[in-house]
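Reviewing the structure listed below.
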Amino acid sequence: MMLLSLVIFVVILALVFDYINGMHDTANAIATVVSTRVLSPRNAILLAATLNFVGALWSEAVAKTIGKGIVDPSVIHQTTVMAALFAAIAWNLITWYFGIPSSSSHALIGGVIGAAIATAGVQVLHLDGIIKIVKGLIFSPIIGAGIAFLIMLAILWGFRNVPPGKSNRWFKGLQMVSASIMAFSHGMGDAQKSMGIIVMALLAGGMMDPKNVHVPLWVKLSCAVAMSLGTAAGGWRIIKTLGHKMIKLQPVHGFAAEAAASTVILTASSWGIPVSTTHSISGAIMGVGLTRRLNSVRWDIAGQMVFAWILTIPATALIGFAMVKLLGAIFPSVL
C-alpha cells in the first residue's frame, strides 16, 4: 500500500514538473512572435498551449530514453524519482524567478543522475545513454545558431532588393507558421521528459514489464494536459529576456530563429535524443544576431544564460543527491 501511494505521489509530482516546465518554457515558443508583434501575448499563449498539447501526444521516443536510458530502473526506488523531480522543480522555479532561460531538460537529467548515485552508486548509471544525451544538450544551441545564421544569410541575399518594410510584412505570415511548429516541437520534446519519469517510476514500482517499455495512453494525456496548462500560465520574466533583452527582433529574425530551433528539436526528438528547447531557441536567436553585427547581441545577458546552463546539471545533481538522503530518512522502508 505504501509503494502504491508513493507511485501515485511521484506521478502527481511529475505532472507538477510538467506544468512548471510549460510555464517556464513558454518563452521558447512565443518570445519571438510576441516581441515582433506578430501576435498579441494572449493569442500567442493560446497558440502555444494548443500546439504543446498536440505535440506531446505525437511521439514517445524521448520518453523511452528518459525512462530507461539514463539509469537502470531495476535498482532505483520511488524516492530516487521523487528526489530527481524535487531537484528539477526547485531549479526551474529559481531560474524562472530570476528570468534566466535555463534548461528543464538539464535540470531533470541532473536530478536523475544525482539521485541515482545516492541510491545505488555510480555503477547504476548508463554512461553511454548519458553521454548521448549530454552531447545533444551541448550541441543543440551550437547547431541551432549555425542553422539560424545560414537561414538568415539566405534570406538577406534572397530579399536583398526588397524594401525591409515589405519583406517584414511577408515574414509576419511566415512567422505564424514557424511559431506554430516551434510550439509543436516543444510539446513533442519536453512533455515526453515527464512521461519518461513516470515510466521510470512504474518500472521501479514493478508496475510495467521491463521487456515491454511503453508510454500508456493515460500518461500521454495527463502530461499533455499539464504541459499545455503550464504554457497557458505564461512565463513573462523569461519571455522578456529572450524576446527583448538579448536582441531586438523583427519578423524576419523571428522566423529564422524559430525555423532553426524547431528543426533541431524535431530531428533530435524523432531520434529519441532529449535536447533543450531553451538552448535551441536561445542559440538560434544568437545566430540571427550574428548576421547583423557582434554588438547587436547583448553578450552580458548571453553570458548569464551560458553560466546557468553550465551550472544546471551539477547543481541539480547535488540537490537530487541530498534529497535522496532526506527522503530515505523519511521513507526508510522503500530505500
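The values are calculated or read from the model by the stated rules, or taken from the named source; none is laboratory data. These numbers were taken from a predicted model, which means no experiment stands behind them. Here the Cβ positions follow ideal geometry from the backbone for every residue, glycine too, while neighbour counts run over all protein chains shown.
If I go through segment 273-306 residue by residue, how many of them are surrounded by fewer than 20 Cβ atoms within 10 Å (Cβ to Cβ) and modelled with pLDDT of 80 or more?
2
Taking interchain pairs and intrachain pairs at least six residues apart, which have beta carbon atoms under 6 angstrom, with the first residue in segment 113-137 and at pLDDT 90 or above and the second of a type in the set (Phe, Trp, Tyr) and crowded, with 17+ Cβ neighbours inside 10 Å?
114/321; 118/321
Given (1) buried (at least 18 other Cβ atoms within 10 Å of the Cβ); (2) at pLDDT 90 or above; (3) not small (Gly, Ala, Ser), where does residue 309 come up short, assuming only one miss?
Of the numbered conditions (1) buried (at least 18 other Cβ atoms within 10 Å of the Cβ); (2) at pLDDT 90 or above; (3) not small (Gly, Ala, Ser), the odd one out for residue 309 is (2).
In the set 50, 65, 119, 80, which member is among the hydroxyl-bearing types (Ser, Thr, Tyr), part of a helix (DSSP H, G or I) and under 30 Å from residue 251 (Cα atoms)?
Of the residues listed, the single one that is among the hydroxyl-bearing types (Ser, Thr, Tyr), part of a helix (DSSP H, G or I) and under 30 Å from residue 251 (Cα atoms) is 50.
For the list (1) touching a residue at least 60 places away in the same chain (Cβ under 8 Å); (2) surrounded by fewer than 18 Cβ atoms within 10 Å (Cβ to Cβ); (3) basic (Lys, Arg), I need the number of the one condition that residue 166 fails.
(1)
So residue 60 clears everything in (1) modelled with pLDDT under 80; (2) surrounded by 24 or more Cβ atoms within 10 Å (Cβ to Cβ) except one condition, right? Which one?
Single failed check for residue 60: (2).
Among the residues of segment 200-245, which ones are at pLDDT 80 or above, of a type in the set (Val, Ile, Thr) and more than 22 Å from residue 57 (Cβ to Cβ)?
Residues satisfying the conditions do not exist here.
Would you check if residue 183 is of a type in the set (A, V, I, L, M, F, W, C), farther than 30 Å from residue 325 by Cβ and surrounded by 14 or more Cβ atoms within 10 Å (Cβ to Cβ)?
Answer is yes for this residue.
Determine if segment 124-140 includes at least one residue that is within 23 Å of the chain's Cα centre (by Cα), β-branched (Val, Ile, Thr) and within 20 Å of residue 255 (Cα to Cα).
no
Suppose we keep only residues that are of a type outside the set (A, V, I, L, M, F, W, C) and in contact (Cβ under 8 Å) with a residue 60 or more places away in the chain within segment 140-163. Which one would you say is nearest to residue 189 (Cα to Cα)?
Filtering first and then ranking leaves 140.
Taking segment 91-116, which residues are surrounded by fewer than 15 Cβ atoms within 10 Å (Cβ to Cβ) and not in a helix (DSSP H, G or I)?
Matches in segment 91-116: 98 only.
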